[in-house]
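One structure is given below, encoded as structure tokens.
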Amino acid sequence: MIKDQLLAIKSTLPDHVTLVAVSKTKPDEDLIEAYEAGQRIFGENKVQEMVGKWERLPKDIKWHMIGHLQRNKVKYMAEFVDLVHGVDSFRLLVEINKRAEQLNRSIDCLLQIHIAEEDTKFGLDEEELNTLLKSDEYRQLKHVNVVGLMGMATFTDDETQIRREFKHLKSIFDAIQTENEQIKILSMGMSGDYKIAIEEGSTMVRIGSSIFGKRNY
């Protein structure tokens, strides 16, 4: 079932779009089924859960932290995390840099941009993003690589609004990419809206329930 869903989704994705299988709350055996079908990138939103899965599951899995990340949790995942999607403040970036430096590694990060009309979503606005990327303090961080942007559209059935929000994020991405050649990833789109996100320029989609079924809470 999981294998069939996964392969069906993968078959529809353009070559330039990376699939993050969002495995939060799912048991190890579900991830193994996806792994055996060829999936290697998994997304988790709770650090503790991700650490446990990292310890138990195959070591060639790339773990993406996709949820809101508290600074005091960074140290638990700094050793192995492959990409942090939701960096929504400079202070969090500083903490990731500090923990990565202690381990003599660099950690790839996406800066989260607030594009939704809901107040519940985290993220930087366009002005904060530009200020951060141009600051001397940011340039001094040698153990984080900001490789792209991430955003979440409003949770709504209004496709026009979703498309407008994704378009807005793509325009921000295009603008900063001209001055920052390392910016290559645009992570936008989840189970309900990833097709629109891809049409609007996404290069990475985070899909959970369409692969694994409804969440277990």
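The values are calculated or read from the model by the stated rules, or taken from the named source; none is laboratory data. Just so it is clear, the model here is predicted, and its values are computed rather than measured. In this analysis, Cβ positions are derived from the backbone assuming ideal geometry, glycine residues included, and neighbour counts consider all displayed protein chains.
Worth pointing out:
- Each residue in region 99-115 was checked for being more than 16 Å from the chain's Cα centre (by Cα) and crowded, with 17+ Cβ neighbours inside 10 Å, and 2 of them qualify.
- Test: Asp4 is within 25 Å of Ala197 (Cα to Cα) and either free of Cβ contacts under 8 Å to residues at least 12 places away in the same chain or exposed (fewer than 13 other Cβ atoms within 10 Å of the Cβ) (or both): yes
- First in region 179-202 and closer than 21 Å to Gln5 by Cα, second anywhere and aromatic (Phe, Trp, Tyr) and modelled with pLDDT of 95 or more, Cβ under 6 Å, 6 or more apart: Met188/Phe166; Ala197/Phe166
- Residue within region 29-46 that is more than 20 Å from Ser209 (Cα to Cα), of a type in the set (A, V, I, L, M, F, W, C) and touching a Lys or Arg at 6+ places or on another chain (Cβ under 7 Å) present: no
- Lone unmet requirement of (1) more than 28 Å from Leu103 (Cβ to Cβ); (2) at pLDDT 95 or above for Val147: (1)
- Residues of region 104-129 classified as modelled with pLDDT of 95 or more, of a type outside the set (A, V, I, L, M) and farther than 15 Å from Ser89 by Cβ, total: 4
- The set of residues in region 112-122 that are assigned to a loop (DSSP other than H, G, I, E, B) and either in contact (Cβ under 8 Å) with a residue 12 or more places away in the chain or hydroxyl-bearing (Ser, Thr, Tyr) (or both) comprises His114, Ile115, Ala116, Glu117, Glu118, Thr120, Lys121, Phe122.
- Residues located in region 176-201, provided they are at pLDDT below 95 and among the small types (Gly, Ala, Ser): Ser191, Gly192
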